[in-house]
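Colleague: Below are the structure tokens for one structure; questions will follow.
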Amino acid sequence: MRKSAISSAVAVGLFGALVIADQVINDDLIVTFSECVGNDCVNGENFGFDTIRMKENNTRLKFDDTSSSGSFPSNDWTIVANDSNNGGASYLAIEDATAGRIPFRVEAGARANAMVVESDGDVGFGTLNPAVDLHYVNGNTPTLRLDQDGSSGFTSQAWDVGGNEANFFIRDVTNGSRLPFRIRPGAPESSLDIQANGEIGMGTSSPESPLHVRGNVASLEPILTLENTNTSNGFVRGIKIVNNGGSIISFEDTNPGPGLPSGWNMQSRHDDGSFGIANATGVGQEFSLSYDGNLTISGDLIANGTTYTSSRISKENFSNINVFDILNTVASLDILKWNYIRNSDNTLHIGPMAEDFHAAFGLNGEAKDRISVSDVNGVALASIQALKQKLDQKDAEISELKKEMDDLKALVEKLVK
């Protein structure tokens, strides 16, 4: 059982009986030396440097505010040293006696300088000399935990903010202790820099747009990489631009060659719905693809340095053809007038159907729904050659007939004379 802490005095009453009575002092009390309070204080107590000592097995210092007016604070407080039950904890605490809870508690065995408040207000945890407003020192990964425990009806969630020799990190404790945010030691200045206007710089402290990525990389090394780890092998929108009007992607060359443009603009146009490519001089578009599939370029169509990739060095498996067979096949091919279904203004075109062309000539592999420009040109040129040969043959026959006519005319004139 705990002993009762009762301030009392022993007095001799009538007939010599011992009487225990409280001592009431109706004046200031000044103790010029030390004071011991508690059942275990002894005569001749050795105080050492203690001025006031509380000595027994249940030490409490109670602040009992008896204010009765509603306008005055009346909360009671207690300084508590250790639990009062057997096997309880050892600690020093400040208890809100009125509410019955402990807002401040220091357990026995806490490390040195567990919490230090300097004269300038700097607070140190684990350090006697905090260098900043809040300074936390630990030998292994000092960490701050933000723990929403669900007591207010919200879903429980815990986050850690910490740092060590490997990284500064934010850890999602609740979801497998993943690290969604990390900064490695030695990261460059302004690796991530958010301006007051919300613009974000990566590698720059002066972003010139909502997101400005700046890097110093070797040749052909990308400054920005977008990598999708989904293995479904489906289409992915790598970049999406949303705008109330046309959109432009600019390529700027800070050191163009003599007479060359300083960059290019890829643009989707709002006025006609086309997609185009223009050099930075802004003089027209070198490439324009209409929304219904019509392609317009301002120069020759060249690939691998040769128009239509027609160089002999890029081809193999040569064989001769019969141009007259091709001409006859062309003659039997349906050439129709038509428009594309997706063409909203019904622009008319003339040409064969890809399926008919493929069936007639067996060109362009298995792509039966399209015609290669090179194949169309080749068939046309072969047909022209066949027609030229036919014309040459006709010219030769006409020349022979003309000679025979001339000879016959000369003979007639001779006979008439």
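The values are calculated or read from the model by the stated rules, or taken from the named source; none is laboratory data. The model shown is predicted, which means the values in this text are computed figures rather than measured ones. Note that we place each Cβ from the backbone using ideal geometry, even for glycine, and neighbour counts take in every protein chain shown. Accessible surface areas use protein heavy atoms only, side chains included; no ligands, DNA or RNA. Shrake-Rupley method; radii C 1.70, N 1.55, O 1.52, S 1.80 Å.
Colleague: Show that you can apply the helix-only estimate: for the chain, add -39,500 (n - 2.57) for every DSSP H stretch of four or more residues, divide by all residues, and state [θ] at 222 nm to the nearest 500. All intermediate terms of the calculation are to be shown ahead of the outcome.
Modeller: Working: 3 runs with 62 residues, N = 417.
Rounded to the nearest 500, the figure is -5000 deg cm²/dmol.
Colleague: Moving to a separate point now. Leaving out same-chain residues fewer than 8 places away, which lysines sit with a Cα under 26 Å from that of Lys337?
Modeller: Lys368
Colleague: With the cut-off at 1.5 for a/c, could you classify segment 98-141 from its C-alpha gyration tensor as rounded, prolate or oblate?
Modeller: Working: a/c = 2.59, a/b = 1.52, b/c = 1.70.
Note, shape of segment 98-141 comes out oblate.
Colleague: What full-extension length gain, to one decimal in nm, is calculated for Val116 and Ser206 as 0.36 nm per residue of separation minus the Cα-Cα distance? Write down the numbers at each step before the final one.
Modeller: Numbers: separation 90, 0.36 × 90 = 32.40 nm, distance 3.92 nm.
So the chain would gain 28.5 nm between Val116 and Ser206.
Colleague: Turning to a different aspect of this structure: Just Ser71, Ser151, Ser290 to compare: in a GNM of the chain, with alpha carbon springs under 10 Å, which one fluctuates most?
Modeller: Ser71
Colleague: Round to a whole angstrom and tell me the spacing of the C-alpha centers of segment 82-159 and segment 191-209.
Modeller: After rounding, the separation between the Cα centres reads 37 Å.
Colleague: Still on this structure: When the label point is put 7 Å from the Cα of Ser191 along its Cα-to-beta-carbon vector, which residues of segment 139-154 have a backbone N closer than 20 Å?
Modeller: 141-144
Colleague: Just to be sure I understand the model, the point goes 7 Å from the Cα along the line to the Cβ. What's the resulting Leu295 to Val242 distance in nm?
Modeller: Reported label-point gap for Leu295 and Val242 is 3.2 nm.
Colleague: Scaled to the compact-protein estimate 2.2 N^0.38 Å, what is the alpha-carbon radius of gyration of segment 70-199, rounded to two decimal places?
Modeller: Numbers: Rg = 20.3 Å, N = 130, 2.2 N^0.38 = 14.0 Å.
In units of the 2.2 N^0.38 Å rule of thumb, it is 1.45.
Colleague: Ordered by packing density, taken as the mean number of other Cβ atoms within 10 Å over each peptide's residues, highest first, how do 242-250, 373-381 rank? Walk me through the numbers before you get to the answer.
Modeller: Working: 242-250: 10.2, 373-381: 14.0.
Packing proxy ranking, top to bottom: 373-381, 242-250.
Colleague: Straight-line reach from Lys394: which lysines have Cα under 28 Å away, leaving out those fewer than 8 places along the same chain?
Modeller: Lys402, Lys403, Lys409
Colleague: Something else: If amide hydrogens are placed 1.01 Å from N in the peptide plane, which non-local residues have theirs closer than 5 Å to the one on Thr174?
Modeller: Answer set, sorted by chain and number: Ala158.
Colleague: Expected output is a single nm value to one decimal: the length gained when fully extending between Glu400 and Phe63, i.e. 0.36 nm times separation in residues minus the C-alpha distance. What is it? List each step's numbers first, then the result.
Modeller: Values: separation 337, 0.36 × 337 = 121.32 nm, distance 13.84 nm.
107.5 nm is the gain from fully extending Glu400 to Phe63.
Colleague: Per residue, how large is the accessible surface of the chain? Use a 1.4 angstrom probe and give square angstrom. Write out the running numbers ahead of the final one.
Modeller: Working: 32780 Å² over 417 residues.
Per residue, the chain has 79 Å² of solvent-accessible surface.
Colleague: On the protein heavy atoms, probe 1.4 angstrom, tell me the percent of accessible surface of the chain carried by carbon and sulfur. Walk me through the numbers on the way to the answer.
Modeller: Values: 17760 of 32780 Å².
Roughly 54 percent, rounded to a whole number.
Colleague: Here is a further query. Of all the Cα-Cα pairs you can form in segment 338-394, what percent are over 17 Å apart? Before the final figure, lay out each step's value.
Modeller: Values: 852 of 1596 pairs.
The answer is 53 percent, as a whole percent.
Colleague: Two decimals is fine: what is log10 I(q)/I(0) at q = 0.11 Å⁻¹ for the chain, from a Debye sum with one equal scatterer on every Cα and no solvent?
Modeller: Relative scattering, expressed as log10 I(q)/I(0), comes to -1.21.
Colleague: May I pose another question? Nearest 5 is fine: what % of DSSP beta bridges in the chain come out antiparallel, could you say?
Modeller: So the antiparallel bridges amount to about 85 percent of the total.
Colleague: Same structure again: To the nearest 0.05, how large is the calculated FRET efficiency for Asp272 and Val161 if R₀ is 60 Å and r is the Cβ-Cβ distance?
Modeller: 0.70
Colleague: Taking the mean number of other Cβ atoms within 10 Å as a proxy for protection, how do you rank 335-342, 251-258 from highest to lowest? Write out the running numbers ahead of the final one.
Modeller: Working: 335-342: 10.5, 251-258: 8.6.
Peptide ranking by packing, descending: 335-342, 251-258.
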